[in-house]
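*Asks:* Let me give you the structure first, and then I'll get to my questions.
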Amino acid sequence: MQYEVDFECIEQYLEKYAVQKPEYTAIIVKDTYTSYGELWRMVRGFARYLTGTCEVQKGDRVVIKTLQTLDFAVSYFAVHLSGAVFVPLEKSIANEKALDILNETEAKVYISKDSFAEIPCRHVNIRDVAVLAAEHFSDSWQHIFPKLEDSSDIMYTTGTTGKAKGVEVTHHVLLSLAQNYIEGFELKDGMVMAVPGPMNHVNPLRKLYMTIASGNTIVILNGLMSIQAFFHALDAHGVTALCLPPASLRTIWRYSGDKLAEYAEQIDFVECSTAPVTESDKETLRKQLPKSRLYNNYGLSECGAMVMYDFCRYPDKAPGCVGKPTVNSHVIIVDEQRREIQSSKERMGLIANSGPINMKGYWKSPEKTAEVKANGYVYTSDIGYFDEDGFLYVVGRTNDTINVGGLKVEPTEVEEEALLFPGVHECICVPINDAITGTALKLFVVMKQGVSFDDAALRKHLSERLAAYQVPKIYEPTDSIPRNFVGKPDRNAFVNGERK
């Protein structure tokens, strides 16, 4: 049964709490507290600037290079309030990659801290957002809230190149996902959630609008560059919930040992999402936070937070368990012809989902959309089954996407950029195990005859063209690339970066 929505967009919840509890803290960045009243005022002011000075109209795209700042959060809600569609980019994206997306989305405005000559639309410095919001605020300005089925966001699945798929979602999707989290987390009033992940990524961004929809508080951290700063935030802001991908958990453990256990009475729940949690990591977290709810949830950019699992409440489930479908999800298992089957461990199939959390489609790509969305379902490439208690298990996937610390990498994109490096004849990108991110990348390279292999130069070349998480960790020269029976490079010929 789907959860009934009270409003048509997240911004109506922001207005509601700005009226009901204007002094209550909505967002904390560093040691700056912003109340619901202050946030709503800033959002209205910047939305008025966008619709007036920037002439943003309903359905226009506004692209932003993400920072872990209040300005980003204000921009997010203001773009929606202006009627436009929000398109976030990774903060270190190369200008040429940003340009691809600006052109592909026909952006009306580009918000970033830096500029470049080829920007095809109006540029706004993100550091000016607060000032512009204050200058353009007017109590008499009449805003119009977007409707449920209006497009809200376009999330690029890799965030680096125009070749990537832009997942277009509606305001109905945002509301439904927020409700999935609120119900699934058994959210309580007074929650203070710390989120270190990059806000261009779907999971941290969902925590932002989940928090506002529930009238609680979010602490936006600048990654985990300082473990000391992380624990300072827990102490100073009374954090009761954590959004920590497995890679972040391992970073905390590596540099602080068992210190997280000191917060066992404080932490209400932890979400370990964006990647599978290993059984070893689950056990470590259970020991450190035995009284907390510990969640892993399963979803995609195309249909997020489909399934949720409290592995502290159900510690005996087998590896691969991701939980039960959430309130706005209807998950089924299908065969290769997309016919629903009665699944089991002995009879697995592909996972599909219907409901209001499903994407509208891939931006300007009806053909790619039709490949995964039909009959009201999004059909994934993930293989799984339900057990007799209704818990879903994910055991693998049919495509080559590599999950690096919760971020999706298409290895062909890495290979295409590597092939542009002078002297590279062939290459193949494969996953390897990594103590921090769970999975990292390794690149095997065949050099052209007479050309020597230069690890450092190739790494520099890729670092200038790809996001940091897409850059391989290890490089190895080789005489040949294994190929499958149709002549394509065979990633299945490798196990943990070594040939079988």
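The values are calculated or read from the model by the stated rules, or taken from the named source; none is laboratory data. The model shown is predicted, which means the values in this text are computed figures rather than measured ones. With ideal geometry, Cβ positions are generated from the backbone for all residues, glycine too; neighbour counts draw on all protein chains shown. Areas reflect the complete protein model, heavy atoms only, side chains present, ligands, DNA and RNA absent. Shrake-Rupley method; radii C 1.70, N 1.55, O 1.52, S 1.80 Å.
*Asks:* Output the number of residues of the stretch 1-34 satisfying the condition of being over 23 Å from L175 (Cβ atoms) and either at pLDDT 95 or above or more than 23 Å from the chain's Cα centre (by Cα) (or both).
*Replies:* Looking only at that region, the number is 6.
*Asks:* Restricting to the stretch 190-211, give me the number of residues that are assigned to a loop (DSSP other than H, G, I, E, B) and either of a type in the set (V, I, T) or over 20 Å from D310 (Cα atoms) (or both).
*Replies:* 7
*Asks:* Exactly one of (1) in contact (Cβ under 8 Å) with a residue 24 or more places away in the chain; (2) surrounded by fewer than 16 Cβ atoms within 10 Å (Cβ to Cβ); (3) closer than 22 Å to K97 by Cβ is unmet by L419. Its number?
*Replies:* With (1) in contact (Cβ under 8 Å) with a residue 24 or more places away in the chain; (2) surrounded by fewer than 16 Cβ atoms within 10 Å (Cβ to Cβ); (3) closer than 22 Å to K97 by Cβ applied to L419, the lone miss is (1).
*Asks:* Ok, one more. Does the stretch 110-133 hold any residues that are at pLDDT 95 or above and of a type in the set (S, T, Y), and which are they?
*Replies:* Y110, S112 - these are the residues of the stretch 110-133 that are at pLDDT 95 or above and of a type in the set (S, T, Y).
*Asks:* Moving to a separate point now. Looking only at the stretch 216-231, count every residue that is crowded, with 24+ Cβ neighbours inside 10 Å and touching a Ser or Thr at 6+ places or on another chain (Cβ under 8 Å) and tell me the total.
*Replies:* Within the stretch 216-231, residues that are crowded, with 24+ Cβ neighbours inside 10 Å and touching a Ser or Thr at 6+ places or on another chain (Cβ under 8 Å) number 3.
Results for (1) at pLDDT below 95; (2) within 22 Å of Y379 (Cβ to Cβ); (3) among the polar types (S, T, N, Q), shown as yes or no for each residue.
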residue: L300; (1), (2), (3): yes, yes, no
residue: A305; (1), (2), (3): yes, yes, no
residue: C312; (1), (2), (3): no, no, no
residue: K317; (1), (2), (3): yes, no, no
residue: C321; (1), (2), (3): yes, yes, no
residue: T326; (1), (2), (3): no, yes, yes
residue: H330; (1), (2), (3): no, yes, no
residue: V334; (1), (2), (3): no, yes, no
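*Asks:* Same structure, new question: Within the stretch 232-252, can you find the residues that are in a helix (DSSP H, G or I) and open to solvent by less than 10 Å² (accessible area, probe 1.4 Å)?
*Replies:* Applying the first criterion (in a helix (DSSP H, G or I)) to the stretch 232-252 yields 232-237, 246-252.
Within the stretch 232-252, A233, L234, P246, L249, I252 qualify.
*Asks:* Is it true that G190 is open to solvent by 30 Å² or more (accessible area, probe 1.4 Å), farther than 24 Å from D71 by Cβ, in contact (Cβ under 8 Å) with a residue 40 or more places away in the chain and not polar (S, T, N, Q)?
*Replies:* Yes, satisfied.
*Asks:* Please work out which one of (1) under 24 Å from S214 (Cα atoms); (2) surrounded by fewer than 21 Cβ atoms within 10 Å (Cβ to Cβ) is the condition H172 fails and give its number.
*Replies:* (2)
*Asks:* Would you mind telling me which numbered condition in (1) within 19 Å of M306 (Cβ to Cβ); (2) at pLDDT below 95 D153 fails?
*Replies:* The one condition D153 does not meet is (2).
*Asks:* Find all pairs meeting these conditions: Cβ atoms under 8 angstrom apart; at least six residues apart or on different chains; first residue within the stretch 125-144 and more than 19 Å from H80 (Cβ to Cβ); second residue open to solvent by 70 Å² or more (accessible area, probe 1.4 Å) and of a type outside the set (V, I, T).
*Replies:* N125/K113; N125/S115; R127/K113
*Asks:* Among the numbered criteria (1) under 30 Å from A247 (Cβ atoms); (2) open to solvent by less than 10 Å² (accessible area, probe 1.4 Å), which single criterion is violated by T157?
*Replies:* (2)
*Asks:* Further question: Any idea which of E90, E118, E149 is open to solvent by 20 Å² or more (accessible area, probe 1.4 Å) and farther than 27 Å from E410 by Cβ? Steps first, answer last, please.
*Replies:* Numbers: E90 fails: farther than 27 Å from E410 by Cβ; E118 fails: farther than 27 Å from E410 by Cβ.
Matching residue, one of E90, E118, E149: E149.
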